[in-house]
Amino acid sequence: MTERAASSLMRAARLPVVLGTLGRLLLVLAALSLPPALVAWSHASTELALRLTATAAALLVLGWRVSRLRPLRAEDSDIQWNEALAVTGLAFLIAALVMVWPLMAAGLGGIDALLEATSGVTTTGLTVLRGLDQADPAVLFLRAWMQWYGGLGIAVLAVALIMRHHASARRLLETTGERLTDAGARGHARRVSAVYLALTLIAITAVWMTGLAPLEALLYALPAVATGGFAPSDQSLAGLPGATVATLSLITVASAVSLPLYARLPHRGLRALEQEPELIALLGAILITALLLSVIAALTSGLPWLQALGQGFSLGVSAQTDTGFSTTEVGDLPAASQLVLMTSMSIGGCTGSTAGGIKLIRLLIIMRLVQLALRRTAIAERAVLQAQVGGTRIAPSMVTATLQLMALWAMVLLTSWLAFLALGQPPLASLFEVVSATANAGLSAGLTSAELHPVLKLVLCADMLFGRVEVVALLVVLYPPTWLARKRNP
């Protein structure tokens, strides 16, 4: 047998493993399609209800059939790291694609529906819909619901609900950035899901108590917990009571903190906070961003300092947590403010949270390496220094992964920006839109609309997916030989 034939045979043998895992994710997507279908039926949105019901049924049948696939050999049951990356990337891609047809019931074209669905499941918040204040409540709930389950992650839900094989579940979770240490994958996923549900219930109750109607409170709370940014109003948070804006901001900050940290608090108390350098970094980054925005607003726009501080903190929280809520038109802000927002959005929140961006831990790693390089200039040549973050040694693999991700991010941003410039879009607004999409932030400089060139809408869809699965997973999906081949043993 030739090497090419053996490779093809091995890929065919691995295919049932990948498809079987993907089938379980399809079953989860089928279940997630039912709540918005019920809401659509209850609001007499017949066309949307029929499309969601049909989508759920198709996913159920296909997922059940595919999930029954088994490898020929029992030892091939575990999915490998490369296959887990492919499944994670495919899960978000499929989650967006299956919602295109239902969203077209809202009067959207195919590409617009794809952008809306992608923005939903990736918790980005960029939207082409207008007239949201008069929109069908069922459509508004569908958008908020997509962001809510996209925030937790389809892989986490699958592991918590239906995945049984420990090794496969563990690898699937680790592709989402979860740090499992010695914990069981299913137990970890269930704890994170419980924390997410608790935050959701607290958020809905808190927003409702600020004076909003129950449905409106739900439509704001679900995206806030997911740090998604879909609002049931064209004005986002503008016009809401100050108490509501402050409550939503606090919710987004809480959701930008690592969710597993909350699960550890009952057992370890406040000591758990001492070992989370990302938490301190998150609060510091929000403070710095808010103050910079406030100073710029006061100096360039002549706003009173109190009003500038309110606007600065609202936008600073939204940008740093990658939520996308806003109380003002971002496109009208000075260039300096937009640059601050782009930097904040790119950094994002904590690992294991619903926030986007490159994550604060990677910024801390780079800062520590720079500090270490400076210290080495003032000590003996043979002295040994170890870089640490929060008492944990920075392994060479962490440095490599961080630099790799940042390089890939830069490539995605520059390529996407070039596409916008080539089609005649303004430079600063184009860069802002690309950064917002890739960071899954959702703040817009005004370019994302139904009038945007279809090619650029597809570029934004790709950026949102690259940001949500951290580039590598989607690249693996786009190059099947990396996920259909058996990895060689070291």
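The values are calculated or read from the model by the stated rules, or taken from the named source; none is laboratory data. This is a predicted model, so every value here is computed, not measured. All Cβ positions, even for glycine, are placed from backbone atoms using ideal geometry, and neighbour counts span all protein chains on display. Accessible surface is based on the protein model in full, side chains and every heavy atom, while ligands, DNA and RNA are left aside. Shrake-Rupley method; radii C 1.70, N 1.55, O 1.52, S 1.80 Å.
What to note about this one:
- Whether a residue is under 26 Å from the mean Cα position of the chain (by Cα) and either of a type outside the set (Phe, Trp, Tyr) or in a loop (DSSP other than H, G, I, E, B) (or both) was assessed, and Ala30 passes this test.
- Filter pass, Leu261 being surrounded by fewer than 21 Cβ atoms within 10 Å (Cβ to Cβ) and assigned to a helix (DSSP H, G or I): yes
Let's see how each residue does on (1) hydrophobic (A, V, I, L, M, F, W, C); (2) at pLDDT 90 or above; (3) open to solvent by 50 Å² or more (accessible area, probe 1.4 Å):
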residue: Gly187; (1), (2), (3): no, no, no
residue: Trp208; (1), (2), (3): yes, yes, yes
residue: Thr247; (1), (2), (3): no, yes, no
residue: Thr252; (1), (2), (3): no, yes, no
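- When residues in the range 359-388 are screened for being of a type in the set (A, V, I, L, M), modelled with pLDDT of 70 or more and open to solvent by less than 70 Å² (accessible area, probe 1.4 Å), 9 of them pass.
- For the range 454-479, the tally of residues that are open to solvent by 50 Å² or more (accessible area, probe 1.4 Å), modelled with pLDDT under 95 and part of a helix (DSSP H, G or I) stands at 3.
- Considering the range 42-65, and only residues there that are in contact (Cβ under 8 Å) with a residue 40 or more places away in the chain and not in a helix (DSSP H, G or I), the residue that is nearest to Ala95 (Cα to Cα) turns out to be Ser45.
- Within the range 415-458, the set of residues being aliphatic (A, V, I, L, M), under 26 Å from Thr351 (Cα atoms) and out of contact with any Leu (no Cβ under 6 Å at 6 or more places or on another chain) comprises Leu431, Val435, Ala439, Ala441, Leu443.
- Number of the exception - Glu451 against (1) free of Cβ contacts under 8 Å to residues at least 24 places away in the same chain; (2) not in a loop (DSSP other than H, G, I, E, B): (2)
- Any hit, the range 120-135, residues being closer than 26 Å to Val61 by Cβ, without any contact (Cβ under 8 Å) to a residue 40 or more places away in the chain, part of a helix (DSSP H, G or I) and open to solvent by 10 Å² or more (accessible area, probe 1.4 Å): no
- Picking from residues in the range 425-446 that are modelled with pLDDT of 95 or more and in a loop (DSSP other than H, G, I, E, B), the one that is most open to solvent (accessible area, probe 1.4 Å) is Pro426.
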